[in-house]
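Enquirer: Can you read through this structure? Questions will come right after.
The values are calculated or read from the model by the stated rules, or taken from the named source; none is laboratory data. Just so it is clear, the model here is predicted, and its values are computed rather than measured. Every residue, glycine among them, receives a Cβ derived from its backbone with ideal geometry; neighbour counts consider all protein chains shown.
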Amino acid sequence: MNILAELFLTFAKIGCFTFGGGYAMIALIENNCVERKHWVTHDEIMNVTVIAQSTPGPIAINCATYVGYRKAGFFGSLVATVGMVLPSFLIILLVSRLLDNFLEITWIANAFRGIKIAVGILILDAAVTMTGKLQKKLLPIALMLLSLAVMLLADFLSLRISSIAIMLAAALASLVLAIMRKGGEKK
């Protein structure tokens, strides 16, 4: 099959059948692009996910754009991005045109409550999968656990601590320790 058509269909399927945004889509992107099609490696998906979190735009779209670019350059990135966005756009357009009070329909409201649970499970699955494939080094694990603890503590105590500040602090700590390690190796 033509790679552009395959990129479009793969990401259109992910975009069509995934609710809950980018974090929920990461598991499906990894399954399709790493495990089934071998377009990119797991490490590449982890890296692009980290980068996508700190760049403008939705994570899943940034991941689709990256994978498309790796497989077929500019046109691959364009086709993969359109494939990811188009199903959601069409569904929202259809719903907004046909149903004024869409969420007031009882069975639809109940379906969305169930979808919320499924989205939580997809996000948890992506987190567990990515964490399980991390390199088993003390520093990344310690930084991850410390960041998690700070976020949970901030949430429980209703403190306003930006997740960006936590990410920057973890990056700074990692950078300082890497510089200290390099300095120790030179001696």
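Enquirer: Would you confirm whether or not region 128-135 contains a residue that is surrounded by 13 or more Cβ atoms within 10 Å (Cβ to Cβ), in a helix (DSSP H, G or I), of a type in the set (Gly, Ala, Ser) and out of contact with any Phe, Trp or Tyr (no Cβ under 7 Å at 6 or more places or on another chain)?
Expert: no
Enquirer: Could we say that Thr106 is among the polar types (S, T, N, Q), loosely packed, with under 10 Cβ neighbours inside 10 Å and in the same structural domain as Val67 (by TED's automatic domain parsing) here?
Expert: Working: among the polar types (S, T, N, Q): yes; loosely packed, with under 10 Cβ neighbours inside 10 Å: yes; in the same structural domain as Val67 (by TED's automatic domain parsing): yes.
Criteria met by Thr106.
Enquirer: With respect to Leu93, determine if the residue is assigned to a helix (DSSP H, G or I), more than 29 Å from Ile164 (Cβ to Cβ) and in the same structural domain as Ile123 (by TED's automatic domain parsing).
Expert: On the way: assigned to a helix (DSSP H, G or I): yes; more than 29 Å from Ile164 (Cβ to Cβ): yes; in the same structural domain as Ile123 (by TED's automatic domain parsing): yes.
Yes, satisfied.
Enquirer: Another one. Which of the residues that make up region 54-73 are free of Cβ contacts under 8 Å to residues at least 12 places away in the same chain and either touching a helix residue (DSSP H, G or I) at 6+ places or on another chain (Cβ under 9 Å) or within 26 Å of Ser162 (Cβ to Cβ) (or both)?
Expert: Looking only at region 54-73, we keep the residues that are free of Cβ contacts under 8 Å to residues at least 12 places away in the same chain, and these are 55-57, 69, 73.
Residues satisfying the conditions are Thr55, Pro56, Gly57, Tyr69.
Enquirer: Quick test for you: out of Val40, Val79, Val50, pick the one residue that is part of a helix (DSSP H, G or I) and buried (at least 16 other Cβ atoms within 10 Å of the Cβ).
Expert: Numbers: Val40 fails: part of a helix (DSSP H, G or I); Val50 fails: buried (at least 16 other Cβ atoms within 10 Å of the Cβ).
After ruling out the rest, the residue left standing is Val79.
Enquirer: Here's another thing I want to ask about it. Out of Leu28, Leu78, Leu86, which single residue is within 12 Å of the chain's Cα centre (by Cα), aliphatic (A, V, I, L, M) and in the same structural domain as Ile121 (by TED's automatic domain parsing)? Spell out how you get there, then give the answer.
Expert: Values: Leu78 fails: within 12 Å of the chain's Cα centre (by Cα); Leu86 fails: within 12 Å of the chain's Cα centre (by Cα).
Answer to the selection: Leu28.
Enquirer: Which one of these is surrounded by fewer than 21 Cβ atoms within 10 Å (Cβ to Cβ) and assigned to a helix (DSSP H, G or I): Pro87, Pro56? Before you say what the answer is, go through the steps one by one.
Expert: Numbers: Pro56 fails: assigned to a helix (DSSP H, G or I).
Matching residue, one of Pro87, Pro56: Pro87.
Enquirer: Got a number for residues in region 164-187 being modelled with pLDDT under 80 and surrounded by 10 or more Cβ atoms within 10 Å (Cβ to Cβ)?
Expert: 0
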